[in-house]
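Below is one structure, written out as structure tokens; comments come after it.
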Amino acid sequence: MTAALKVLAAGPLSTVQDGGRHGYQRYGVSVAGAFDPVYLAAANALVGNAADEGGIELTMTGDTYEVGADTVRIALAGDFAATIDGEAAAPWRSHTLARGQVLKVGAARAGLRGYVAVAGGFALVPQLGSVSTHLRNRLGGLDGARLKPGDRLPLRLPAAPPGGDRSLDPALLPPRSLALRVVPGPQDGHFSPDQIAAFLEAAWTIGRDSDRMGCRLEGPAIGHAKGFNIISDGIPLGAVQVPGSGQPIILLPDRQTAGGYPKIACVIKPDVAALAQARPGDVVRFQAVTAEAALAIHRAWRVAIAALPALTGPAGGDLGSERLLSLNLVGGMVDAINPPEDAR
Amino acid sequence: MTFPLTLLPAGDTALVAELGDAIDPALNDAVQALDAALVGANPAGLIETVPTYRSLLVHFDPCLTDADTLGALIRALAAGLDQAGTQAGRRWFLPVCFGGDLGEDLGFVAGRTGRSEAEVIGLHCAADYRVYMLGFSPGFAYLGGLPAELHLPRRDNPRLSTPAGSIMQGGAQACVSPMAMPSGWHILGQTPVMTFDLRRDQPFLLAPGDRVRFMAIDRDRFAALATLAAAGDLMPDSEALA
């Protein structure tokens, strides 16, 4: 039987995600892809993969896997409780496991999303150029579905490659916060200066019905100077649309390709990644930046992602829980209400 | 180009090239022409473009280019476009079985518009529909050109599921749905043609700027064509646009 990772138990929303499905939005195909590309890149760096190789995105609670290969090197990025054959296993490192061993990833201790990567990657056939799962469009992953018990994720490598396990100190990840930086537009002209100011000054609570398509925010109703319908146009990642209710929605990887509500601003991609770790009830704010500033921030963020492999080191035993607690584990997530001066 | 170009910021990875604020065939032609010119220029860092009714969303890699560089190129391309530019798309002739179990709302639409079912079918088959854009789901084509006599509000109660291939109308628009989906539009019929089929080299039959004509077929012909489609052997007739 071909090498595989067998899913014994699945979390509530575990899906295969890579860098996303690009080039087909003109045909109505959503991009999908890892909500937190930094954590995916970290998991991949730990097993020697390219940053956007397809991995498993966990949400709130992870999966249980049994190794169906001679050996496999597997890494977990994200502050999730985990065990290997019942013994505590640290996240933020790789583990080389033998056939029959069982990795159980439990609940998120902080943050919301974690990523599991295997050395060499999963041997899944890309659909429209990507293995990213989009549930509504039934594309990617295994039959376009979330992982379920009994699934077998085929592995490209029959055994773990040479070399030992690696670890990564999550404190070294690019800093992030829930003071989300936005570039105003494209339809900021549909709002008055007072309405834009209200949008930027408010504290917004993440609603319960948020998902990978949209993060629904609760706060003061934002009015529209020119009505809340526009002729449908394309939707970039992070677009903040304001429907008639005045409650903004941040549009995320699984968003539809086009829509008809005015977009007051767009959250920059590095801060969409930060949002991936926020839970319903958490509070976010918006901070306007210029397009020039956004460009510089984005480029620095990409440099930081590219540097992740160099930041890994040989895994010397498990990270103790005290040490984990001493690290700011959501990658430097800071209080959005009172962001420190040096949060940037 | 007669439509004024406005460049709008769209975060750190995209920008919008907007040519107007209307649903208009000539404006949509201009969007298609600008899209073709930009895709043809293939500038460094361009990831993809999304043409819609009246604007183009341009996705780019900020490590390889920036909005100013792409914006300058888009301005130059727009200035050089011939407003009577040639159209690159195709006109597709889609067989449709109207009414009956495949078009449950045909009678309703006929009643509300004061016409016979045959007249409604005739109006749909006489229209030369324009694919203004695709969106909502993979391959879902928004068709403009629904005869004014047929414009109707959407259903009071949206259906939780409509079959793949449904020909529907809602408001001033029509559509061909590529997959089963919830919808509040009126179902008039069904085409056996799969407008989204991953087995094909080009999975998407319809592209922005294409035209669509409906050809009425009966239930037996529908069944025969559906068998071909299931085997991946049904490609409808088409012609290049002038």
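The values are calculated or read from the model by the stated rules, or taken from the named source; none is laboratory data. Note that the coordinates shown come from a computational prediction; the quantities given were computed from them, not determined experimentally. Heads up, the Cβs are rebuilt from the backbone with ideal geometry, glycines too, and the neighbour counts pull from every protein chain shown. When the accessible area is computed, the model is the full protein with side chains, heavy atoms only, and any ligands, DNA or RNA have been set aside. Shrake-Rupley method; radii C 1.70, N 1.55, O 1.52, S 1.80 Å.
For region A:153-175, state whether one or more residues are within 14 Å of chain B (Cβ to nearest Cβ) and either within 15 Å of residue A:54 (Cα to Cα) or charged (D, E, K, R) (or both). No.
Against the numbered list (1) hydrophobic (A, V, I, L, M, F, W, C); (2) within 14 Å of chain B (Cβ to nearest Cβ); (3) in contact (Cβ under 8 Å) with a residue 24 or more places away in the chain, residue A:295 comes up short only at (3). Determine whether region A:193-207 contains at least one residue that is within 28 Å of residue B:138 (Cα to Cα) and not β-branched (Val, Ile, Thr). Checking region A:193-207: at least one residue is within 28 Å of residue B:138 (Cα to Cα) and not β-branched (Val, Ile, Thr).
Close Cβ contacts (under 9 Å, 6 or more residues apart or on different chains) running from residues in region B:22-47 that are under 16 Å from residue B:2 (Cα atoms) to residues that are open to solvent by 50 Å² or more (accessible area, probe 1.4 Å) and of a type in the set (Ser, Thr, Tyr) comprise B:26/B:2; B:30/B:2; B:33/B:86. Going by the conditions given, is residue B:214 within 14 Å of chain A (Cβ to nearest Cβ) and modelled with pLDDT of 95 or more? No, not satisfied.
Here the strands (runs of 3 or more DSSP E) wholly within region B:77-178 that include at least 1 residues being away from every other protein chain (no Cβ under 14 Å) and in contact with a Gly (Cβ under 6 Å, 6 or more places away or on another chain) are B:90-98, B:129-134, B:166-170. The single condition from (1) within 14 Å of chain B (Cβ to nearest Cβ); (2) under 23 Å from residue A:275 (Cβ atoms); (3) open to solvent by 30 Å² or more (accessible area, probe 1.4 Å) that residue A:130 fails is (3). Quick one: would you say residue B:172 is surrounded by fewer than 23 Cβ atoms within 10 Å (Cβ to Cβ), assigned by TED's automatic domain parsing to the domain that holds residue B:100 and either at pLDDT 95 or above or among the β-branched types (Val, Ile, Thr) (or both)? For residue B:172, the condition - surrounded by fewer than 23 Cβ atoms within 10 Å (Cβ to Cβ), assigned by TED's automatic domain parsing to the domain that holds residue B:100 and either at pLDDT 95 or above or among the β-branched types (Val, Ile, Thr) (or both) - is not met. Across region A:215-240, what is the number of residues that are open to solvent by 20 Å² or more (accessible area, probe 1.4 Å) and at pLDDT 95 or above? Going through region A:215-240 one residue at a time, the tally reaches 6.
Here residue A:254 fulfils each of the conditions (1) buried (at least 21 other Cβ atoms within 10 Å of the Cβ); (2) more than 30 Å from residue A:310 (Cα to Cα); (3) more than 14 Å from chain B (Cβ to nearest Cβ) apart from (3).
The residue of region A:264-292 that is farthest from the other protein chains (Cβ to nearest Cβ), among those that are part of a helix (DSSP H, G or I) and open to solvent by 20 Å² or more (accessible area, probe 1.4 Å), is A:292. In summary, residue B:72 fulfils each of the numbered conditions (1) within 29 Å of residue B:128 (Cβ to Cβ); (2) among the aliphatic types (A, V, I, L, M); (3) free of Cβ contacts under 8 Å to residues at least 12 places away in the same chain with the single exception of condition (1). Looking at this structure, is residue A:211 within 28 Å of residue A:49 (Cβ to Cβ) and either in contact with a Leu (Cβ under 8 Å, 6 or more places away or on another chain) or of a type in the set (Asp, Glu) (or both)? Taking the combined requirement at face value, the residue satisfies it. Of the residues making up region B:1-41, just one is part of a strand (DSSP E or B) and polar (S, T, N, Q), namely B:6. Only one entry in A:145, A:198, A:160, A:203 is in the same structural domain as residue A:228 (by TED's automatic domain parsing), open to solvent by 10 Å² or more (accessible area, probe 1.4 Å) and under 26 Å from the mean Cα position of the chain (by Cα), namely A:203.
The residues on offer are B:160, B:198, B:150, and the sole one that is over 23 Å from residue A:29 (Cα atoms) and surrounded by fewer than 23 Cβ atoms within 10 Å (Cβ to Cβ) is B:150. Considering only region A:174-182, I want to know if a residue exists there that is over 17 Å from the mean Cα position of the chain (by Cα) and surrounded by fewer than 17 Cβ atoms within 10 Å (Cβ to Cβ). Within region A:174-182, not a single residue is over 17 Å from the mean Cα position of the chain (by Cα) and surrounded by fewer than 17 Cβ atoms within 10 Å (Cβ to Cβ). Suppose the filter is surrounded by fewer than 17 Cβ atoms within 10 Å (Cβ to Cβ), farther than 18 Å from residue A:200 by Cβ and of a type in the set (A, V, I, L, M); does residue A:296 pass it? When the stated conditions are applied, residue A:296 passes them.
For residue A:140, state whether it is of a type outside the set (Lys, Arg) and open to solvent by 60 Å² or more (accessible area, probe 1.4 Å). Taking the combined requirement at face value, the residue does not satisfy it. As for region A:97-106, it holds at least one residue that is outside the structural domain of residue A:279 (by TED's automatic domain parsing), under 21 Å from the mean Cα position of the chain (by Cα), in contact (Cβ under 8 Å) with a residue 40 or more places away in the chain and open to solvent by less than 30 Å² (accessible area, probe 1.4 Å). Of the residues that make up region B:205-215, is at least one outside any strand (DSSP E or B), among the small types (Gly, Ala, Ser), under 23 Å from residue B:128 (Cα atoms) and in contact (Cβ under 8 Å) with a residue 60 or more places away in the chain? Yes, region B:205-215 contains at least one residue that is outside any strand (DSSP E or B), among the small types (Gly, Ala, Ser), under 23 Å from residue B:128 (Cα atoms) and in contact (Cβ under 8 Å) with a residue 60 or more places away in the chain. Among the candidates B:50, B:31, B:16, B:58, the residue that is among the β-branched types (Val, Ile, Thr), more than 9 Å from chain A (Cβ to nearest Cβ) and surrounded by 22 or more Cβ atoms within 10 Å (Cβ to Cβ) is uniquely B:31.
State whether one or more residues within region A:16-38 are over 29 Å from residue B:131 (Cα atoms), in a loop (DSSP other than H, G, I, E, B) and within 14 Å of chain B (Cβ to nearest Cβ). There is at least one residue in region A:16-38 that is over 29 Å from residue B:131 (Cα atoms), in a loop (DSSP other than H, G, I, E, B) and within 14 Å of chain B (Cβ to nearest Cβ).
Residues in region A:3-59 that are open to solvent by 30 Å² or more (accessible area, probe 1.4 Å), out of contact with any strand residue (DSSP E or B) (no Cβ under 7 Å at 6 or more places or on another chain) and closer than 21 Å to residue A:270 by Cα: A:19, A:37, A:50, A:51, A:52.
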